[in-house]
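Novice: Below is one structure. I have some questions about it.
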Amino acid sequence: MERIAVFPGSFDPITAGHESLVSRGLNIFDKIIVGVGVNADKHGFLPFEKRLELIKSVFKGNSRVMVKTYENLTVDFCIENGASHILRGLRTSADFEYERSIAQVNKTLRPQIDTVFLLALPEFSSVSSSLVREVIHYRGDARKFLPLGIDFEYFFGYNPDNQ
Ligand code: ADP
């Protein structure tokens, strides 16, 4: 049976840390579904279509990675997609405290779904979407924190080389 994991998040935008987690997750799972949670109350930085497009551009050519949005509970999204696990990353002890309660609630809701945590690599442990948003807002060069080869001008509306 195929082992499928959902990697849920806001991905606003996807960072090099997220990309690293998916790559490492592929050593454990046959397939990873990057699930972009749609929160109607939260407008966010990039529109959902752009977030999806950006994630797809990062994993294009890799048939083991799929990208989808969802609006229901993460555990229900897992079941709909035949996933047995949720993949999450841990950067800090604060991440751990936050993730523990979510994972425990998810386990109570749907005991057949388990959460697997991977520790962030040291080089990505300070990288977050919020940090990237801040750098981009002030027109800094965020490329060191983003997956390689993204079309910066298309996704973020300016070219860091011309700043
Ligand atoms: P959320 O809004 O649910 O926190 P994020 O898009 O910020 O979603 O993150 C999704 C997942 O990716 C979380 O498990 C988070 O801990 C993990 N993650 C974020 N940044 C990194 C990183 N630099 N290295 C490893 N994991 C990360």
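Novice: Roll a 1.4 Å probe over the protein chains and send me the accessible area per residue for the range 34-161 in Å².
Specialist: Averaged over the residues of the range 34-161, the accessible area is 60 Å².
Novice: So the label point goes 7 Å from the Cα of THR92 along Cα→C-beta, right? Which residues of the range 123-141 then have their backbone N under 20 Å from it?
Specialist: Output list for this probe position: 123-137.
Novice: Taking a ≥ b ≥ c as the square roots of the Cα gyration tensor eigenvalues, with a/c under 1.5 meaning rounded and otherwise prolate when a/b beats b/c, else oblate, which class fits the range 2-41?
Specialist: oblate
Novice: Going by a ≥ b ≥ c, the root eigenvalues of the Cα gyration tensor, does the range 33-72 fall in the rounded group (a/c under 1.5), the prolate group (a/b larger than b/c) or the oblate group?
Specialist: Judged from the Cα gyration tensor, the range 33-72 comes out oblate (a/c at least 1.5, b/c at or above a/b).
Novice: Return the whole-Å distance between the Cα centroid of the range 9-51 and the Cα centroid of the range 61-129.
Specialist: Centre-to-centre (Cα) distance: 10 Å.
Novice: Mind checking the dipole of the chain: about its Cα centre, +1 per Lys or Arg Cβ, -1 per Asp or Glu Cβ, Debye to the nearest 20?
Specialist: The calculation lands at about 240 debye.
Novice: Probe 1.4 Å, all protein chains in place: accessible area of LEU73 in Å², nearest 10?
Specialist: Accessible area of LEU73: about 90 Å².
Novice: If I model a spin label at LYS68 and GLU2 as a point 7 Å from the Cα along the Cα→Cβ vector, what separation in nanometres do I get?
Specialist: 1.0 nm
Novice: Considering only protein heavy atoms and a probe of 1.4 Å, how much of the accessible area of the chain is carbon and sulfur, as a whole percent?
Specialist: Roughly 51 percent, rounded to a whole number.
Novice: On to the next question. Charges on Cβ only, +1 for Lys and Arg, -1 for Asp and Glu, centred on the Cα centroid of the chain; of SER129, PHE11, LEU118, which one is farthest towards the dipole's positive end?
Specialist: LEU118
Novice: Right, another one. Work out, step by step, the length gained on full extension between LEU131 and GLU80: first 0.36 nm times the residue separation, then minus their alpha carbon distance; give nm to one decimal.
Specialist: 15.1 nm
Novice: Oh, and also: Tell me, what HN-Hα J-couplings in whole Hz come from the Karplus equation 6.51 cos²θ - 1.76 cosθ + 1.60 at θ = phi - 60° for each residue of the range 107-124, using x for Gly and Pro?
Specialist: The phi angles translate into 5, 5, 5, 9, x, 6, 9, 10, 9, 10, 10, 10, 6, 4, 5, x, 5, 10 Hz.
Novice: Between PHE48 and ARG24, what length in nm is gained on full extension when 0.36 nm per residue of separation is reduced by their alpha carbon distance?
Specialist: 6.2 nm
Novice: Quick check: residue separation of ASP161 and ILE102 times 0.36 nm, minus the Cα distance between them. What number comes out in nm?
Specialist: Full extension of this stretch gives 17.2 nm more.
The values are calculated or read from the model by the stated rules, or taken from the named source; none is laboratory data. The model shown is predicted, which means the values in this text are computed figures rather than measured ones. When we count neighbours, we look across all protein chains shown, and the Cβ atoms used for this are built from the backbone with ideal geometry, even at glycine. All accessible areas refer to the heavy atoms of the entire protein, side chains included, with ligands and DNA or RNA removed. Shrake-Rupley method; radii C 1.70, N 1.55, O 1.52, S 1.80 Å.
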